[in-house]
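Asks: Before anything else, here's the structure in question.
What follows is calculated from the coordinates using simple rules that are stated; it is not laboratory data. On a predicted model such as this, the values are computed, not experimentally measured, just so you know. A quick note on method: Cβ atoms are made from the backbone with ideal geometry, for glycine too, and the neighbour counts reach across all protein chains shown.
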Amino acid sequence: MDREEAVGKAKTNMLEGEIIGSLSKLFKVFGDPTRIKILWALNVHELCVLDICEVLGMTKSAVSHQLSTLKEAKLVRARREGKEVYYVLDDEHVKEIFETGIVHVTHICKEHQKGERK
């Protein structure tokens, strides 16, 4: 395929603006270290807010704020059991995105250690 064909194919197959915007927002949510820690903890097991606070060493209000962002992005969901609210990853897609990211950064770190990437 020559350059002109490649450019034409890329233009023809470009994602729609709405999809690009939604994907950008999703990756922005993944861009916060605290939210990454919460997602990792929930990847391990369902937890209530106080459990997440203990795992992260954070206040309830700080954790609740981050959980609200994660819920809005449809990355976690909640269920009530008595007075407690438990959180879990929303579905397998979230787990797959998260695990793919881990594989990618682990690969990059190994390359850097070997001096293969600059």
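Asks: Round to a whole angstrom and tell me the spacing of the C-alpha centers of segment 1-28 and segment 59-98.
Replies: 30
Asks: Using Cα pairs closer than 8 Å and at least 6 residues apart in sequence, work out the relative contact order for segment 33-114, in percent.
Replies: Relative contact order, segment 33-114: 28 percent.
Asks: Of the listed pairs LYS9/LYS74; LYS60/LYS95; LYS25/LYS74; LYS25/LYS95; LYS37/LYS95, which have alpha-carbon separations greater than 22 Å here?
Replies: As for pairs spanning more than 22 Å Cα to Cα, those are LYS9/LYS74; LYS60/LYS95.
Asks: Give the label of the value calculated from the structure for Cα extents along the principal axes in Å, choosing from (1) 53, 26, 22; (2) 63, 39, 22; (3) 52, 34, 23.
Replies: For Cα extents along the principal axes in Å, the calculated option is (2).
Asks: Follow-up. Given a 10 angstrom Cα cut-off, can you work out which residue in LEU15, LEU39, LEU50 is the most mobile in a GNM of the chain?
Replies: Comparing LEU15, LEU39, LEU50 in a Gaussian network model of the chain, the most mobile one is LEU15.
Asks: Hey, can you grab everything whose amide H is under 5 Å from the amide H of VAL76? Only 5+ residues off in sequence or another chain; H modelled, so Pro and N-termini drop out.
Replies: For VAL76, the qualifying residues are LYS71, ASP90.
Asks: Here's something else I'd like to know. Amide H of LEU47: which non-local residues (sequence gap of 5 or more, or other chain) have their own amide H closer than 5 Å, using H built in the peptide plane?
Replies: It is TYR87, by chain and number.
Asks: The chain: longest stretch without exposed GluC sites (Glu not before Pro) (DSSP loop, at most 11 other Cβ within 10 Å), sites themselves excluded?
Replies: Answer - 17-115.
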